[in-house]
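Student: So that we are looking at the same thing, I have put the structure below in structure tokens.
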Amino acid sequence: MFPDTRLGIGPAIEDGFYYDFDTSHGFTPEDLEKIEQEMKRIVKENLPVTRDIVSKDEARKIFEERKALFKLELLDELPSEEPISIYRQGEFIDLCAGPHVPYTGYVKAYKLLSIAGAYWRGDEKRPMLQRIYGTAFMDQGGLDAHLAKLEDIKRRDHRRLGKDLDLFSIEEEGGPGLVYWHPKGAIIREIIENFWKEEHRKRGYDLVYTPHIAKLGLWKVSGHWDWYKDNMYSPMEIDEMQYLLKPMNCPFHILIYKGKTRSYRDLPIRYGELGTVYRYERSGVLHGMLRVRGFTQDDAHLFCRPDQLEQQLIEVLDLTGFMLKTFGYDEYYCMLSVRDPNDKANYIGEDEVWQQAEEALERALKARNLKYQIDVGEAKFYGPAIDIKIKDAVGRLWQGPTIQADLNLPERFDIHYIGEDGQRHRPVMIHRTVLGTMERFIGGLIEHYAGAFPMWLSPVQIRVMPVSEKQSDYAKTVAAGFEELGLRVECDLGQDKIGYKIRQAQIEKIPYMVIVGAREKEANTISVRHEVWEILAV
RNA sequence: GCCAGCGUAGCUCAGUCGGCAGAGCAACUGAUUUGUAAUCAGUAGGUCGUCGGUUCGAAUCCGUCCGCUGGCUCCA
């Protein structure tokens, strides 16, 4: 259909497949339909799909003939002794390890979904190809169910719901990636923040507040200026001194720690802060509340003795589990992010310290019987981490809590405590968030709950609606009663019929509707309509 | 940042070949006083994202910038 097209790679992915193409033709959504028609024809032909094993030289010849540059590059990287597998169906030839279906007729239900740009081999310095995404199932029912799920995900989109429920906005005049929390969104955030603070106090954290800017020198000491500069807002000059907006809270907590001499008896010291940070994120990556430029981390830094590390990690894991459960995330997966031993130049710190830290994280996971997967190369430059992925109501995984051992900053800031032996010792530092950031967490919660927040988080918990204006005063009295109990209640005193008021409350996903008419007023009662929304939609 | 697409009323969207700017919902006004998912009628609301170009004439064609969307790369 597009003769000058060269093939990139085309693997199967979790929910389908994609194929990358280099072509002078720019694909349009209409093309997808045309390609699907062509696919249908090929399926109907029921062509045999054959696998040939050839030598590397033979393979090279085949792809050179077809001027398949990308395939040749892939071929070059395959070991020369090993036989190469090539698949053919009709006039189509591809380099692929397989397996493939034996006949094109095996392909049943499929759909092409979208077009996107993608760098060749994921490298932004290489050419950009056009990627077509699609999905395929054994039968129409499977495809229909999958498409229904995609629709459900669309309905849950926090950007859509954030607008519909008036929770937040991002203002073009204000700047991209900067979130405005509207009154209802602010209530949700406030409840979560209060809960967070209370839970941290209970567990022995000290809560602090720190500034939003600091002198450039501080960021040089911390290493951010060298390692993180590209993600930071440009310096501003105040009284001939350069200041930077903070991208992280760690240096500030360290300064508090450093403010006086600490004894081994003082440890652990745990500073928690809902710290607002700003990071320069490239414009193309911004996404609603999930990827923004200014955000508030539920941050904490734990300073402890090496012998306390494991216990502290366990306590953080417990807190994390408790928090996730509270928000209805019953399933989560722990990843132990360790460094790539072949790539030590990208990490700071002694081998021995790294090993100790990785072992401590692993022991903590084992102590709580948490299953985990080791993610090689996913450590931060300053230390290994436990990264937790949480599964939402529709089965998607989100980056959640992160617990990082920091092997760099204690050194750089030369912090210490006085041990039992009267000597200075280096404390171990843990850097962690349990929710991540307020923006990403609440954005995720909106999708998790599909906007129907549980009672404790609902911006409006109860709406009282009189059947007619004759019960307005009674409705106000009832509402005042709820208000006295500390519940968030509203009255709908509009002239609309009760059906309309119920519909409105339903759209706004208010959990309790209290309806009062002549009968209720007479008997001094109320009638309650409680909406239980199904979180698991699919 | 890169590739592609998009930007029309508060929201969702229509607007044919370049020829007077449209609908539904929401808002407002009036009537209606209602019993568990939409009462009726009327009114108002837009520099068609921005700046520039082509043209007798631009929402429409071309360019620029801004923003958004789907991805890529990166990330909490």
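Student: If I filter the range A:406-425 for residues that are under 30 Å from A:LEU161 (Cβ atoms) and open to solvent by 10 Å² or more (accessible area, probe 1.4 Å), do I get at least one hit?
Tutor: Looking for residues that are under 30 Å from A:LEU161 (Cβ atoms) and open to solvent by 10 Å² or more (accessible area, probe 1.4 Å), one finds none in the range A:406-425, hence no.
Student: Could you check the range A:125-219 for strands (runs of 3 or more DSSP E) lying wholly inside it with 1 or more residues that are in contact (Cβ under 8 Å) with a residue 24 or more places away in the chain and within 14 Å of RNA strand B (Cβ to nearest atom)?
Tutor: Per the criteria, A:128-137, A:168-170, A:179-181.
Student: Name every residue in the range A:493-505 that is open to solvent by 60 Å² or more (accessible area, probe 1.4 Å) and either closer than 26 Å to A:PRO454 by Cβ or not aliphatic (A, V, I, L, M) (or both), in order of residue number.
Tutor: Hits for the range A:493-505 are A:GLN495, A:ASP496, A:LYS497, A:TYR500, A:ARG503.
Student: Within the range A:479-492, is there a residue that is under 30 Å from A:GLU199 (Cβ atoms), among the acidic types (Asp, Glu), at pLDDT 95 or above and exposed (fewer than 13 other Cβ atoms within 10 Å of the Cβ)?
Tutor: Yes.
Student: Collect the residues in the range A:361-386 that are under 19 Å from A:VAL428 (Cα atoms), in contact with a strand residue (DSSP E or B) (Cβ under 7 Å, 6 or more places away or on another chain) and not in a loop (DSSP other than H, G, I, E, B), keeping them in residue-number order. Please lay out each step first, then the result.
Tutor: Pass one, the range A:361-386, residues under 19 Å from A:VAL428 (Cα atoms): A:361-365, A:379-386.
Remaining after also requiring in contact with a strand residue (DSSP E or B) (Cβ under 7 Å, 6 or more places away or on another chain): A:361-362, A:365, A:379-380, A:382-386.
Scanning the range A:361-386 gives A:LEU361, A:GLU362, A:LEU365, A:LYS380, A:GLY383, A:ALA385, A:ILE386.
Student: I would also like to ask the following. Among the residues of the range A:194-205, is any among the polar types (S, T, N, Q) and open to solvent by 40 Å² or more (accessible area, probe 1.4 Å)?
Tutor: Yes, the conditions are met somewhere in the range A:194-205.
Student: Give the range A:483-527 a look and list any residue that's within 21 Å of A:LEU165 (Cβ to Cβ) and more than 10 Å from RNA strand B (Cβ to nearest atom), or say none.
Tutor: Residues satisfying the conditions are A:LEU487, A:ARG488, A:VAL489, A:GLU490, A:CYS491, A:ASP492, A:GLU508, A:ILE510, A:PRO511, A:TYR512.
Student: Residues of the range A:379-395 being modelled with pLDDT of 85 or more, within 12 Å of RNA strand B (Cβ to nearest atom) and surrounded by fewer than 19 Cβ atoms within 10 Å (Cβ to Cβ), which ones?
Tutor: Residue satisfying the conditions is A:LYS389 alone.
Student: Quick check on the range A:159-168. Is at least one of its residues at pLDDT below 90, open to solvent by less than 60 Å² (accessible area, probe 1.4 Å), hydrophobic (A, V, I, L, M, F, W, C) and under 22 Å from the mean Cα position of the chain (by Cα)? Explain how you work it out, then say what you get.
Tutor: Just the residues of the range A:159-168 that are at pLDDT below 90, to begin with: none.
Checked against the condition, which is being at pLDDT below 90, open to solvent by less than 60 Å² (accessible area, probe 1.4 Å), hydrophobic (A, V, I, L, M, F, W, C) and under 22 Å from the mean Cα position of the chain (by Cα), the range A:159-168 yields no hits at all.
Student: Is it the case, given these coordinates, that A:TYR449 is aromatic (Phe, Trp, Tyr) and under 30 Å from A:GLY223 (Cα atoms)?
Tutor: In short, no.
Student: Just to be sure I understand, how many residues within the range A:1-13 are open to solvent by less than 50 Å² (accessible area, probe 1.4 Å) and closer than 19 Å to A:HIS100 by Cβ? Talk me through it step by step, then tell me what you get.
Tutor: Start the filter on the range A:1-13 by keeping residues that are open to solvent by less than 50 Å² (accessible area, probe 1.4 Å), which leaves A:2, A:5, A:7-8, A:10-11.
So of that shortlist, the ones also closer than 19 Å to A:HIS100 by Cβ come out as A:7-8, A:10-11.
Residues in the range A:1-13 being open to solvent by less than 50 Å² (accessible area, probe 1.4 Å) and closer than 19 Å to A:HIS100 by Cβ: 4 in total.
Student: Which numbered condition trips up A:SER283, out of (1) in contact (Cβ under 8 Å) with a residue 24 or more places away in the chain; (2) away from RNA strand B (no atom under 12 Å from the Cβ); (3) open to solvent by 40 Å² or more (accessible area, probe 1.4 Å)?
Tutor: The failed condition is (2).
Student: Right, something else. Output the number of residues of the range A:14-32 satisfying the condition of being open to solvent by 50 Å² or more (accessible area, probe 1.4 Å) and either without any contact (Cβ under 8 Å) to a residue 60 or more places away in the chain or more than 11 Å from RNA strand B (Cβ to nearest atom) (or both).
Tutor: 5
Student: Moving on. I'm checking my understanding of the structure. Among residues of the range A:102-125 that are among the aromatic types (Phe, Trp, Tyr) and under 21 Å from A:ASP139 (Cα atoms), which one is surrounded by the most Cβ atoms within 10 Å (Cβ to Cβ)?
Tutor: Looking at residues that are among the aromatic types (Phe, Trp, Tyr) and under 21 Å from A:ASP139 (Cα atoms), I get A:TYR110.
Student: Follow-up question, since we're still on this one. Looking at A:TYR332, is it modelled with pLDDT under 95 and closer than 20 Å to A:ILE442 by Cα?
Tutor: Judged against the criteria, A:TYR332 is a match.
Student: Here's something else I'd like to know. Report those strands (runs of 3 or more DSSP E) wholly inside the range A:422-522 carrying at least 1 residues which are of a type in the set (D, E, K, R). Break it down stepwise before answering.
Tutor: On the way: elements: A:428-437, A:462-466, A:489-491, A:512-516.
Qualifying strands (runs of 3 or more DSSP E): A:428-437, A:462-466, A:489-491.
Student: May I pose another question? Any residue in the range A:432-451 that is free of Cβ contacts under 8 Å to residues at least 60 places away in the same chain and either under 30 Å from A:ALA148 (Cβ atoms) or open to solvent by less than 10 Å² (accessible area, probe 1.4 Å) (or both)?
Tutor: no
Student: Of all residues being modelled with pLDDT of 90 or more and among the basic types (Lys, Arg) in the range A:1-52, which is nearest to A:GLU65 (Cα to Cα)? Just the residue, please.
Tutor: A:ARG51
Student: List every residue pair whose Cβ atoms lie under 7 Å apart, where the two residues are 6 or more positions apart in sequence or sit on different chains, the first residue falls within the range A:328-345 and is under 10 Å from A:LYS389 (Cα atoms), and the second residue, located anywhere, is among the aromatic types (Phe, Trp, Tyr) and surrounded by 12 or more Cβ atoms within 10 Å (Cβ to Cβ).
Tutor: A:CYS334/A:TYR372; A:MET335/A:TYR372
Student: Let me ask something additional. Please go through the range A:398-456 and pick out each residue that is aromatic (Phe, Trp, Tyr) and either within 10 Å of RNA strand B (Cβ to nearest atom) or over 18 Å from A:MET323 (Cβ atoms) (or both). Steps first, please.
Tutor: So the first thing to find is which residues in the range A:398-456 are aromatic (Phe, Trp, Tyr), and the list is A:398, A:413, A:417, A:441, A:449, A:453, A:456.
Result: A:TRP398, A:PHE413, A:TYR417, A:PHE441.
Student: Let me spell it out: the conditions are (1) at pLDDT 90 or above; (2) small (Gly, Ala, Ser); (3) outside any helix (DSSP H, G or I); (4) open to solvent by less than 10 Å² (accessible area, probe 1.4 Å), and A:GLY400 meets all of them except one. Which number is the exception?
Tutor: Single failed check for A:GLY400: (1).
The values are calculated or read from the model by the stated rules, or taken from the named source; none is laboratory data. For clarity, every value in this text was computed on a predicted model and none was experimentally measured. Cβ coordinates were reconstructed from backbone atoms using ideal geometry, including for glycine residues, and neighbour counts include every protein chain displayed. With ligands, DNA and RNA removed, areas are computed over all heavy atoms of the protein, side chains included. Shrake-Rupley method; radii C 1.70, N 1.55, O 1.52, S 1.80 Å.
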